[in-house]
Amino acid sequence: MTLARLDNSAARRLFMQRHALLEPPSGSAKGAELLQLLTRLGFVQLDSINTVARAHDVILYSRRASYRPQYLSDLYHGGGALFEHWTHDAAMIPMGFYPQWHLRFQRDEQLLRKRWRNWRRDGFEQQFETVLNHIREHGPVSSSDLGKDEKKGSGGWWDWHPSKTALEYLWRTGALTVVGRSGFQKCYDLTERVIDAGLHAPRDPLDPADTVDWLCNNALDRLGFATSGELAAFWDTASAAEARAWCQAAKARGEIEEIEVEAADGSLRKSFARPDTVSQAADLGPAPGRLRLLSPFDPMLRDRKRAERLFGFHYRIEVFTPAPKRQYGYYVFPLLEGQKLVGRIDMKAERSADCLVVTALWPERGVTFTAPRVKRLEAELARVARFAGLGSVVFANDWLRAPV
């Protein structure tokens with residue numbers, strides 16, 4: 001049987017539409033509208049690096065230019081509309097999804113206890129009741145409030161003292177909830193004091209199949225098309241085997257079909273999609289021509305291999321690469337124009353000088369930064385500077401580089 005085919009242009013537009021990038025970055029970005037955007041994305045990844053602004057803030061700004069970091073804080077702290085937990089990394093997640101995390105809690109309880117016995121300092125399991133009783137009696141705590149007399153190893157940021165490890169374990173397994181951050185240090189409280197009882201009380205017994213069904217359906221709706229492996233990786237809770245079994249069962253029920261998706265290089269890859277996906281993608285309009293900045297952790301780029309297949313854009317973050325071995329820079333931002341990733345830019349907020357300093361920009365091969373494109377770049381960087389609370393943009397003398 002001949003499979004329906006999604007050409008590369010339509011695949012890009014569909015993927016961008018599902019990630020709220022096929023529309024102009026306008027409209028309200030606070031309150032209910034911001035929650036609606038977060039629900040549409042599924043989650044927004046948190047990251048502590050702040051060369052211009054934090055990753056989660058850049059992700060939301062890229063989609064709503066009126067967004068400001070306080071709006072996310074208001075939603076998180078003010079209305080309890082979000083919770084912080086783990087997907088493939090730490091993330092801010094709509095509170096309505098909380099019941100689907102019970103399977104994650106259960107699986108992390110088994111996985112992390114074993115893994116952290118090997119990776120973390122011995123003794124963290126003996127701290128569980130001490131930590132819980134302390135929070136019960138004294139209220140929310142951060143890791144700096146506990147374990148002052150405990151020895152911390154010299155193995156790096158991950159070599160926590162036992163009480164810190166206990167806090168993280170109890171959070172990852174659902175007993176504790178993160179209720180805020182000071183700087184970027186988490187503050188934890190008892191889950192029953194924070195999360196509505198109707199959400200935090202798990203079904204008994206917990207049926208993994210129900211959660212896997214939710215995970216795969218919701219991943220597919222946010223990706224537009226996907227392999228079973230991509231569905232499993234989206235929330236990073238369902239196993240690869242569970243996602244494969246779900247795809248076969250959903251296909252047999254007629255809920256999804258197999259299609260061919262054209263990559264940037266013209267090759268074809270089989271993926272699963274809803275039966276009307278190809279026709280819907282063909283009706284999508286063009287992407288806005290505006291040039292805009294993306295976070296290295298943007299949902300559109302999170303799966304680096306998928307982004308490379310669809311957009312022909314090879315991206316690896318180099319924060320952990322020694323400076324002499326970096327191809328580009330410490331924290332380089334991709335640039336989106338229309339439905340193409342046209343380059344990457346190395347820049348940093350210099351707070352003492354009240355300016356955004358552009359060190360270098362590397363166009364993608366075949367892309368020329370003509371005068372009109374440079375003008376669009378300058379307009380976007382001026383907007384980014386205002387978003388970051390900076391007064392001006394300064395370009396280094398040799399900022400426009402040759403493609404690598």
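The values are calculated or read from the model by the stated rules, or taken from the named source; none is laboratory data. In this text, all values refer to a predicted model and were calculated from it rather than measured experimentally. Cβ placement follows ideal geometry from the backbone for every residue including glycine, while neighbour counts extend to all protein chains displayed. Note: areas computed on protein heavy atoms with side chains; ligands, DNA, RNA excluded. Shrake-Rupley method; radii C 1.70, N 1.55, O 1.52, S 1.80 Å.
Screening the range 183-279 for strands (runs of 3 or more DSSP E) wholly inside it with 3 or more residues that are within 16 Å of Ala11 (Cα to Cα) returns the ranges 257-262, 268-273.
Being open to solvent by less than 30 Å² (accessible area, probe 1.4 Å), not charged (D, E, K, R) and not in a strand (DSSP E or B) is the requirement here; does Ser295 meet it? Judged against the criteria, Ser295 is a match.
For the range 14-46, residues that are open to solvent by less than 30 Å² (accessible area, probe 1.4 Å) and not in a helix (DSSP H, G or I) total 11. Given the structure, is Ala250 without any contact (Cβ under 8 Å) to a residue 60 or more places away in the chain, of a type outside the set (S, T, N, Q) and either touching a helix residue (DSSP H, G or I) at 6+ places or on another chain (Cβ under 6 Å) or open to solvent by 30 Å² or more (accessible area, probe 1.4 Å) (or both)? No. Among the numbered conditions (1) aliphatic (A, V, I, L, M); (2) touching a residue at least 60 places away in the same chain (Cβ under 8 Å); (3) open to solvent by 40 Å² or more (accessible area, probe 1.4 Å), the only one that Ala245 does not meet is (2).
Here Lys340, Lys348, Lys325 are screened, and the one residue that is open to solvent by 80 Å² or more (accessible area, probe 1.4 Å) and in contact with a strand residue (DSSP E or B) (Cβ under 6 Å, 6 or more places away or on another chain) is Lys348.
With respect to (1) touching an Asp or Glu at 6+ places or on another chain (Cβ under 8 Å); (2) free of Cβ contacts under 8 Å to residues at least 24 places away in the same chain, the lone exception for Val58 is condition (2). Candidates are the residues of the range 66-119 that are part of a loop (DSSP other than H, G, I, E, B) and open to solvent by less than 30 Å² (accessible area, probe 1.4 Å); the one that is modelled with the highest pLDDT is Tyr67.
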